[in-house]
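The values are calculated or read from the model by the stated rules, or taken from the named source; none is laboratory data. Everything numeric in this text was worked out from a predicted model, so none of it was measured. Cβ placement follows ideal geometry from the backbone for every residue including glycine, while neighbour counts extend to all protein chains displayed.
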Amino acid sequence: MKMDEWNIRRRRFLTAAISASAASLLMRTPLNAMSRGNNMRMRNFRQRKFGMFVHWGPYSQASVEASWPIMVKRDDWPITVPEYQDLATTFNPVNFDPDEWLDLARAAGHKYMVFTTKHHDGYCMFDTLYSDYKITKSPYGKDIVKMLSDACAKRDFPLGFYYSPPDMNHPGFRDMSKPTYDSWHGQPERAEWSSYLDYMELQLSELLTRYGTVDTIWFDGLWGMEKYNGQRFIDLIHRLQPATTVNNRIGTEGDYGTPEQFIPQHIPRRGIDLTGTDPKRYESMSQEIPAIEDFMDWEVCMTINDTWAYNVNDHKYKSADELIRSSVEIFSRGGNFLLNIGPRPDGTIQPEFRERMLAMGKWMSINGEAVYDTLYGPVQNQEGYRTTARENHVFVHVLDWPKGKLNVRGWGKKIASVQLLSDKRPLPFVQNDDGIVIDVAGVKPDSAATVIKVSTV
Ligand code: FHN
């Protein structure tokens, strides 16, 4: 596409996009929500707690990680760069059924989804006007993001968009006359860099004006994120959809932190840069329980095996109990859990993922009251149990089941009642200066975590 044609389309699209959204904006968003900044945006985020992450694209045909085979040189990649790029010509997920994904998401206890609209390879799973490297030019030919967003809208299921600022396929992002290996982190020093940021603006405008309500934009800037001028895109997102949350992976604080494949040991406070895959960066986190105004919202993203994309050779599946216990660690520190699946190339979801998701959904159906719309509990850093809280209720998630009596440290409140959440039976207890001693004799514990509801006067 020639630059001047591109610029004409760009101007026409942006004018249409901004005016169309201005009208809907005033209808959809009470003005006070905009003035209250992120409080309104984050209310739903905090209530929902448990989301489904989906990494899916032509790379799903090759049982490799998304994008990395064209970004870094490794002798053990099962695919060359040209073979990776050819995957776009054969991607044809004939069994893709968004309603099947949503049925499974709901059965698993998920309350929102985040989908890869564009990964680092630059391939667009939506019908963008600004690139031909896209799903509607594949043998499949249909706009998958549109199919998914329509299905979510019909079921009122929140859908967010993962969007990669790194883009190996755009001439403004890197010098494409050279191998990707030399410049996968981008070349902001080049004169063409501004055209890439404009491209990002156009694509984000498409995603925020043509695919219904967007719950979140999940950027994945990798390294040196300041080069993307993130505030420009946060302003754009909130001009088009003020209620859309934005994570912290485009070089700004954003609405929530994004630790990946690890769980912070304590409750995160505002002001720390909580992202990436290195838990060691957070070993000195304060153990203190923060006041709510000092709390930083956060969301762990995690795979069920070790690969974000579909990988037939990756059998390192976490067990359902491990995933449930991880979720208890996350929820007890006020975090959200974004659990990832990589659908097969035909659009179906492998049994090893389904089994674990349904087991988690069973646990959530029994214990959801102790998860959804809760925050971190008043008792932290204890052996054998974690706590979440809502109003005058503290939920004790017991990980190591005691013999006969459970001792829970006190938090300065008078206890009114104690019950086993699963069957609502009252449990005998004694409150003393140190806390509560609960008689759990005869209770059959859950293999992952057993929840006891403690209500205060
Ligand atoms: O390279 C990506 C990876 O594919 C995946 O999207 C994760 C999710 O946070 N982010 C990057 C690796 O850190």
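Here are some notes:
- Scope the range 296-322; condition farther than 19 Å from Y162 by Cα and in contact with a strand residue (DSSP E or B) (Cβ under 7 Å, 6 or more places away or on another chain); matching residues: M296
- Note on the range 254-302: among residues that are among the polar types (S, T, N, Q) and more than 15 Å from the ligand (Cβ to nearest atom), the one that is modelled with the highest pLDDT is Q265.
- Inspection of the range 105-118 finds a residue satisfying the criterion of being of a type in the set (D, E, K, R) and away from the ligand (no atom under 16 Å from the Cβ).
- The residue that is farthest from the chain's Cα centre (by Cα), among those in the range 409-424 that are surrounded by 11 or more Cβ atoms within 10 Å (Cβ to Cβ) and within 21 Å of G368 (Cα to Cα), is S417.
- If the condition is being closer than 21 Å to I349 by Cα, away from the ligand (no atom under 16 Å from the Cβ) and not in a helix (DSSP H, G or I), then the range 119-137 contributes only F126.
- Residue within the range 301-320 that is among the acidic types (D, E) and assigned to a helix (DSSP H, G or I) present: no
- Restricting attention to the range 369-389 and to residues that are under 17 Å from I263 (Cα atoms) and polar (S, T, N, Q), the residue that is surrounded by the most Cβ atoms within 10 Å (Cβ to Cβ) turns out to be T388.
- Filter result (outside any loop (DSSP other than H, G, I, E, B), in contact with a Lys or Arg (Cβ under 8 Å, 6 or more places away or on another chain) and buried (at least 16 other Cβ atoms within 10 Å of the Cβ)) within the range 268-297: T275, F295
- Residue check: S164 meets all listed conditions (1) away from the ligand (no atom under 16 Å from the Cβ); (2) among the polar types (S, T, N, Q); (3) under 25 Å from I234 (Cβ atoms) but one, namely (1).
- For A441, the conditions (1) in contact (Cβ under 8 Å) with a residue 24 or more places away in the chain; (2) buried (at least 17 other Cβ atoms within 10 Å of the Cβ) are fulfilled apart from (2).
- With a requirement of 2 or more residues that are β-branched (V, I, T) and either closer than 30 Å to E100 by Cα or in contact with a Ser or Thr (Cβ under 7 Å, 6 or more places away or on another chain) (or both), the strands (runs of 3 or more DSSP E) lying completely within the range 351-428 that satisfy it span 385-390, 393-398.
- Subset of the range 134-177 that is closer than 17 Å to A88 by Cβ and among the hydrophobic types (A, V, I, L, M, F, W, C) - its residue that is surrounded by the fewest Cβ atoms within 10 Å (Cβ to Cβ): M176
- Unmet requirement for E189, which otherwise passes all of (1) within 15 Å of the ligand (Cβ to nearest atom); (2) more than 23 Å from V54 (Cβ to Cβ): (1)
- Annotation: S327 fulfils all but one of (1) more than 16 Å from the ligand (Cβ to nearest atom); (2) crowded, with 21+ Cβ neighbours inside 10 Å; (3) farther than 27 Å from A448 by Cα; (4) of a type in the set (S, T, Y); the unmet one is (3).
- Criterion: of a type in the set (S, T, N, Q) and modelled with pLDDT under 95 - qualifying residue of T136, T180, T128, T216: T180
- Tallying residues that are away from the ligand (no atom under 14 Å from the Cβ), part of a helix (DSSP H, G or I) and either touching a Ser or Thr at 6+ places or on another chain (Cβ under 7 Å) or not basic (K, R) (or both) within the range 219-237 yields 9.
- Some residue of the range 185-201 being under 19 Å from F45 (Cα atoms) and either in contact (Cβ under 8 Å) with a residue 60 or more places away in the chain or in a loop (DSSP other than H, G, I, E, B) (or both): no
- Residue under evaluation L148, criteria (1) within 23 Å of the chain's Cα centre (by Cα); (2) within 16 Å of the ligand (Cβ to nearest atom); (3) in a helix (DSSP H, G or I), criterion not met: (2)
- Filter result (in a loop (DSSP other than H, G, I, E, B), within 16 Å of the ligand (Cβ to nearest atom) and of a type in the set (A, V, I, L, M, F, W, C)) within the range 56-93: W56, A62, V64, A66, M71, V72, W77, I79
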